[in-house]
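Read the figures in this text as sums done on the coordinates, not as results from a lab. Not measured: the values here are computed from a predicted model. Note that we place each Cβ from the backbone using ideal geometry, even for glycine, and neighbour counts take in every protein chain shown.
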Amino acid sequence: MSVSPGFRTYVQDQLSQIAPVTTRPMFGGLTFFHEGRAFALIADERLYFKVDDTNRPDYQAQGMGPFLPFGDPDKPMAYFEVPEEVLEDLDELAPWVHKAQQVAARAAKPRKPKKEQR
């Protein structure tokens, strides 16, 4: 799962114009985080956003499919490919980004409160 420097820079520039993001290489690809939560990834020059029942239909309506890191259609990850025309248009991209970030926030395990130090 390779990621070319040019595609990485392009996607990072697009996403950073919408919300602050950080990246980390993972599994041969690149994962994007917002507020510490993974909401997007790049694998094989394709961008995928995190999905659940609230935004999956948006991707399916565009004919996009899930991320299949092991090639097994019975074991998809909760990420769907972002249509190229969406990635190219910041006005169209923004709601897709925000929905993926909301999905990531809902999927995150609640953080335990820190214990008081005495």
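Side notes on the structure shown:
- Computed from backbone phi with θ = phi - 60° and the Karplus coefficients 6.51, -1.76 and 1.60, the 3J(HN,Hα) list for region 83-90 is x, 4, 5, 5, 4, 7, 10, 4 Hz; x is used for glycine and proline.
- Lysine pairs with alpha-carbon atoms under 27 Å apart, the chain, spacing 8 or more or separate chains: 8
- Ranking Pro83, Pro20, Gln62 by Cα position along the charge dipole of the chain, where only Lys, Arg, Asp and Glu carry charges on their C-beta atoms, puts Pro20 farthest toward the positive end.
- When shorter helices are ignored and each DSSP H run of at least 4 residues is given -39500 (n - 2.57), the per-residue value for the chain at 222 nm works out to -10500 deg cm²/dmol.
- Dimensions in Å of region 4-58 - Rg and Dmax from alpha carbons: 11.2, 32
- Look at Met26, Met77, Met64 and count the other Cβ atoms within 10 Å of each Cβ; fewest to most, that gives Met26, Met77, Met64.
- Seen from every direction in turn and averaged, the convex hull around the alpha carbons of region 5-107 projects onto 6.2 nm².
- Stretch gain in nm, segment Asp52-Thr22, where the contour uses 0.36 nm per residue and the Cα spacing is subtracted: 8.6 nm
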